[in-house]
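So the structure is just underneath, and the comments pick up after that.
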Amino acid sequence: MKKLLYFLILACFFSFYPFLTQAGDIKQENLLSVNFLRNIPLEINLKIGSNNYALSKATVEKWTREKSELFYRPKYHSEIENPNFCQYKKSIICSLFFDARKENHIQKISTLELDEKLMRSFLDDLARQTDKDPENAKFGMENGKVSVFSLGAKGTKLNKEQGLQALLAYFKNSNWGTSINLPYDESEPEISTGSIYNLGINSLIGEGRSNFRGSPKNRIFNINVATKRFDGILIKPGEEFSFVKILGEVDKEHGYLPELVIKKDKTEPEFGGGICQVSTTAFRAAIYSGLEITARRNHAYPVQYYNPQGMDATVYVPRPDLRFLNNTPGHILIQTKTEGTELVFQFYGTDDGRKTKVIGPTITERNPDGSLKATFTQEVRDKDGHSIIEDVFNSAYDSPSKYPHPGQTLTQKPAEWSDKEWKKYKKENNL
């Protein structure tokens, strides 16, 4: 029993011994000298591949916080005694072994600690700016042959965990260079320039057209911006095409101007107005190419730009979307162009002998308020005459008066409004 007690006393003594002899066990992983911030450059260049991003001294300052602690240092002579040293250490062993005569040898040591949570948050934001998906090579048709007009690019993704360690090592080693290389991972595009001879593209399989005559300049501008997103796109065999996915973000930052769009119960200006001209043309190209349509919605009311009515496709990020399936044996190459005021989508692919017949569109109902219904049928047969697709597309359009333009007022109650909402609206607009 005495031996056990003696062992425990020794263990406690040696566990406290560092406090009595030196600065103690300071965890050095994220601790830096208090002079650290005086020496770092005002701006550090973060290199991710060939790209450069600035890390300011002000940002680094936000990552640090001062950490102070008292330690017994025999060779250090403080001007002020520290009678509360053991209370500060919160140690019973300290009060047993610490001699009060040593109280004027207590030194306060200050360090700076890096906050990894804030650093990780910074790297998360940086990754959102720098990460890039791989870009497939884009191809065009020239003299009846497929040719490359846009090289593919590898995708890059910031390795945030290794990036954190690179930052910590830079600050800990205090080399104070002006650049830090942050690790990143690369990914290959699905379709590279080497794929050109294996695409199976040998003919024009279908074409879609629509006329935007009379469109205001902002609408024409938006049509051109959106159309460029689709020129040279390849659709793999069996792949489902998503218009919204390829289109991407629609806002000022992505090059769009405000123009009228149909939204809920009114027609109002919004960035990207006119994009449905592009989706409608793509829809028609898919129909005439004999492809299987998996998602399509008509507009809320008849729009002159989409004549003949019944063959339009409205889109809005993230939905509704226009989607169709490449049910051909080869890749499909999308080519776009403008002839006067006519937008053209051409689908090039593998001619497997299929025949496509479009019956309609036909107006089945037309009302005095401008509302109407239309229908058309897509019939696709293989080279042996067997039916592949027989799909009927029905469209029902509301009266345009239910979706007033800016400065206009509703003359009919929208279907989704309650009587109370309609009564309030009429009162506010003196109807």
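Quick check: anything in region 359-375 closer than 29 Å to LYS245 by Cα and touching a helix residue (DSSP H, G or I) at 6+ places or on another chain (Cβ under 8 Å)?
No, every residue in region 359-375 fails to be closer than 29 Å to LYS245 by Cα and touching a helix residue (DSSP H, G or I) at 6+ places or on another chain (Cβ under 8 Å).
Looking only at region 231-260, which residues are at pLDDT below 95 and of a type in the set (Phe, Trp, Tyr)?
TYR256
Would you tally the residues in region 364-387 being in a strand (DSSP E or B), over 42 Å from the mean Cα position of the chain (by Cα) and exposed (fewer than 13 other Cβ atoms within 10 Å of the Cβ)?
The number of residues fulfilling the criteria is 1.
Out of curiosity, is THR294 surrounded by fewer than 19 Cβ atoms within 10 Å (Cβ to Cβ), touching a strand residue (DSSP E or B) at 6+ places or on another chain (Cβ under 9 Å) and hydroxyl-bearing (Ser, Thr, Tyr)?
Answer is yes for this residue.
Need pairs with beta-carbon distance below 9 Å; first residue closer than 21 Å to GLY330 by Cβ and free of Cβ contacts under 8 Å to residues at least 24 places away in the same chain and within region 236-258, second surrounded by 14 or more Cβ atoms within 10 Å (Cβ to Cβ) and aromatic (Phe, Trp, Tyr); sequence gap 6+ or separate chains.
Cβ pairs passing all conditions: ILE246/PHE230.
Please find, among ILE205, ILE196, the residue that is at pLDDT below 90 and surrounded by 14 or more Cβ atoms within 10 Å (Cβ to Cβ).
Sole residue among the options that is at pLDDT below 90 and surrounded by 14 or more Cβ atoms within 10 Å (Cβ to Cβ): ILE196.
Name the residues in region 149-165 that are at pLDDT below 90 and not in a strand (DSSP E or B), would you?
LEU151, GLY152, LYS154
Among (1) assigned to a strand (DSSP E or B); (2) touching a residue at least 40 places away in the same chain (Cβ under 8 Å), which single condition is SER279 missing?
Against the list (1) assigned to a strand (DSSP E or B); (2) touching a residue at least 40 places away in the same chain (Cβ under 8 Å), SER279 comes up short only on (1).
Which of the residues spanning region 169-193 are polar (S, T, N, Q), modelled with pLDDT of 80 or more and within 30 Å of PRO329 (Cβ to Cβ)?
If the condition is that a residue be polar (S, T, N, Q), modelled with pLDDT of 80 or more and within 30 Å of PRO329 (Cβ to Cβ), then SER187 is the only one that fits.
Of these, ALA295, ALA285, which one is under 25 Å from the mean Cα position of the chain (by Cα) and modelled with pLDDT of 95 or more?
Going through ALA295, ALA285 in turn, the sole match is ALA295.
One residue is enough: does region 324-345 have a residue meeting the conditions crowded, with 18+ Cβ neighbours inside 10 Å, among the hydrophobic types (A, V, I, L, M, F, W, C) and assigned to a loop (DSSP other than H, G, I, E, B)?
Checked against the condition, which is being crowded, with 18+ Cβ neighbours inside 10 Å, among the hydrophobic types (A, V, I, L, M, F, W, C) and assigned to a loop (DSSP other than H, G, I, E, B), region 324-345 yields no hits at all.
With the requirement that a residue be modelled with pLDDT of 75 or more, buried (at least 16 other Cβ atoms within 10 Å of the Cβ) and part of a loop (DSSP other than H, G, I, E, B), what does region 92-135 give you?
Once the filter is applied, which keeps residues that are modelled with pLDDT of 75 or more, buried (at least 16 other Cβ atoms within 10 Å of the Cβ) and part of a loop (DSSP other than H, G, I, E, B), region 92-135 yields only PRO134.
Please determine whether any residue of region 197-213 is in a helix (DSSP H, G or I), more than 14 Å from ILE275 (Cα to Cα) and over 30 Å from the mean Cα position of the chain (by Cα).
Yes, region 197-213 contains a residue that is in a helix (DSSP H, G or I), more than 14 Å from ILE275 (Cα to Cα) and over 30 Å from the mean Cα position of the chain (by Cα).
The values are calculated or read from the model by the stated rules, or taken from the named source; none is laboratory data. Note that the structure is a prediction, hence the values are computed from the model and not measured. Please note: Cβ atoms are built from the backbone with ideal geometry, for glycine as well, and neighbour counts cover all protein chains shown.
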